[in-house]
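Undergrad: Sending over a structure as structure tokens; questions will come in a sec.
The values are calculated or read from the model by the stated rules, or taken from the named source; none is laboratory data. Please read all numbers here as calculations on a predicted model, not as lab measurements. A quick note on method: Cβ atoms are made from the backbone with ideal geometry, for glycine too, and the neighbour counts reach across all protein chains shown.
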């Protein structure tokens, strides 16, 4: 069984949904192997698998995929209907816009919007009604579901730049870094996820049979992890180009991309790339451009290309081109 990170507060939120309908949660708790006495321990955690079993049982027993969040129930199959409406989209961006638009048809208590600004896409959740004591659980769940759906549709990790929520950091705030894999801020104007807008242009990689299989289980999107990031190579290139002084090693680059060094190397390998090859590519292109288009001294070119010293730059440049930077500049054209 996986590590227990899901806070007991989310379990108690589901218990409250049972209470609102005058039903007992104990059968669902037993199915998820959650001892009733655990509900009194405010610091307790359960595993993602336990929470998935509990959520699935509750949604069917209560016939409410919203688990009590909204002013009216979302009957079992509501989110499946939204997924079917989205899966025929040509790109992730179109699919997410469909999901946001159609979500407004099943509840008016919240609205979802997808916008882009420059290189950043934002999925924003706006509250139209008072969500009461289930507010945190609702906002977290809705954004986790749409993020999970996006990953599933493109069969890829969709790395978040940041997440934000319009409430005070809860006692279990540490779990947000795991739930949303990036920096999280609280007391924001609204709930939102921010990510690289280039994901929106990726084509969908799922079809109707895959959807049928996925919908056999409740909430698989919230726990399924994706090793592959189909934009990682581009994201690494961009980071290396934009921050040459801050990307001398894998640790620094990983921090910029909000992944661990181990994950970075593994995902690049899955994409048929390596960090060293990408660094060489970006540094070489930057150096060639500066040597041909500017009169900067060789030492400054080395620094701008991301080298810590001129000697290492000279050695790398000769490996790339078979000549020195000065000779390359004198010739005025690449000898490669």
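Undergrad: Outside any strand (DSSP E or B) and in contact (Cβ under 8 Å) with a residue 40 or more places away in the chain: is that true of residue 101 in this structure? Can you show your working first?
TA: On the way: outside any strand (DSSP E or B): yes; in contact (Cβ under 8 Å) with a residue 40 or more places away in the chain: no.
No: the conditions fail for residue 101.
Undergrad: What residue, among those in the stretch 234-273 that are over 18 Å from residue 199 (Cα atoms) and not in a helix (DSSP H, G or I), is farthest from the chain's Cα centre (by Cα)?
TA: 248
Undergrad: Also, I was wondering about something else. Failed condition for residue 143, given (1) under 22 Å from residue 104 (Cβ atoms); (2) touching a residue at least 60 places away in the same chain (Cβ under 8 Å); (3) in contact with a strand residue (DSSP E or B) (Cβ under 9 Å, 6 or more places away or on another chain), with all others met?
TA: Unmet for residue 143, out of (1) under 22 Å from residue 104 (Cβ atoms); (2) touching a residue at least 60 places away in the same chain (Cβ under 8 Å); (3) in contact with a strand residue (DSSP E or B) (Cβ under 9 Å, 6 or more places away or on another chain): (2).
Undergrad: Just to be sure, is residue 295 touching a helix residue (DSSP H, G or I) at 6+ places or on another chain (Cβ under 7 Å), over 22 Å from residue 233 (Cβ atoms) and modelled with pLDDT of 85 or more? Spell out the reasoning first.
TA: On the way: touching a helix residue (DSSP H, G or I) at 6+ places or on another chain (Cβ under 7 Å): no; over 22 Å from residue 233 (Cβ atoms): yes; modelled with pLDDT of 85 or more: yes.
No; evaluated as a whole, the condition is false for this residue.
Undergrad: Now for a different question. Let me spell it out: the conditions are (1) crowded, with 21+ Cβ neighbours inside 10 Å; (2) touching a helix residue (DSSP H, G or I) at 6+ places or on another chain (Cβ under 9 Å), and residue 139 meets all of them except one. Which number is the exception?
TA: (2)
Undergrad: Of everything in the stretch 44-54, what is surrounded by fewer than 20 Cβ atoms within 10 Å (Cβ to Cβ) and assigned to a strand (DSSP E or B)? Give them in sequence order.
TA: 45, 47 - these are the residues of the stretch 44-54 that are surrounded by fewer than 20 Cβ atoms within 10 Å (Cβ to Cβ) and assigned to a strand (DSSP E or B).
Undergrad: What residue, of 326, 316, 302, is exposed (fewer than 13 other Cβ atoms within 10 Å of the Cβ), assigned to a helix (DSSP H, G or I) and either touching a helix residue (DSSP H, G or I) at 6+ places or on another chain (Cβ under 8 Å) or touching a residue at least 40 places away in the same chain (Cβ under 8 Å) (or both)? Write out each step before concluding.
TA: Working: 316 fails: exposed (fewer than 13 other Cβ atoms within 10 Å of the Cβ); 302 fails: exposed (fewer than 13 other Cβ atoms within 10 Å of the Cβ).
It is 326.
Undergrad: Which of the residues that make up the stretch 146-160 are more than 26 Å from residue 44 (Cβ to Cβ) and crowded, with 17+ Cβ neighbours inside 10 Å?
TA: Start the filter on the stretch 146-160 by keeping residues that are more than 26 Å from residue 44 (Cβ to Cβ), which leaves 146, 149-160.
Listed by number, the residues that qualify are 146, 149, 150, 151, 152, 153, 154, 156, 157, 158, 159, 160.
Undergrad: Got a number for residues in the stretch 83-98 being in a helix (DSSP H, G or I) and free of Cβ contacts under 8 Å to residues at least 24 places away in the same chain?
TA: Step one: filter the stretch 83-98 for residues in a helix (DSSP H, G or I), giving 83-86, 92-98.
Restricting the remaining residues to those that are free of Cβ contacts under 8 Å to residues at least 24 places away in the same chain gives 85, 94, 97-98.
Counting residues in the stretch 83-98 that are in a helix (DSSP H, G or I) and free of Cβ contacts under 8 Å to residues at least 24 places away in the same chain gives 4.
Undergrad: Which residues, counting only those in the stretch 1-43, are surrounded by 13 or more Cβ atoms within 10 Å (Cβ to Cβ), in contact with a strand residue (DSSP E or B) (Cβ under 8 Å, 6 or more places away or on another chain) and touching a residue at least 24 places away in the same chain (Cβ under 8 Å)?
TA: Those that are surrounded by 13 or more Cβ atoms within 10 Å (Cβ to Cβ), in contact with a strand residue (DSSP E or B) (Cβ under 8 Å, 6 or more places away or on another chain) and touching a residue at least 24 places away in the same chain (Cβ under 8 Å): 4, 5, 6, 7, 8, 11, 32, 38.
Undergrad: Still on this structure, I have one more. Picking from 188, 173, 239, 250, which residue would you name as being over 17 Å from residue 83 (Cβ atoms), surrounded by fewer than 17 Cβ atoms within 10 Å (Cβ to Cβ) and either outside the structural domain of residue 85 (by TED's automatic domain parsing) or in contact with a strand residue (DSSP E or B) (Cβ under 6 Å, 6 or more places away or on another chain) (or both)?
TA: Details: 173 fails: either outside the structural domain of residue 85 (by TED's automatic domain parsing) or in contact with a strand residue (DSSP E or B) (Cβ under 6 Å, 6 or more places away or on another chain) (or both); 239 fails: surrounded by fewer than 17 Cβ atoms within 10 Å (Cβ to Cβ); 250 fails: surrounded by fewer than 17 Cβ atoms within 10 Å (Cβ to Cβ).
Going through 188, 173, 239, 250 in turn, the sole match is 188.
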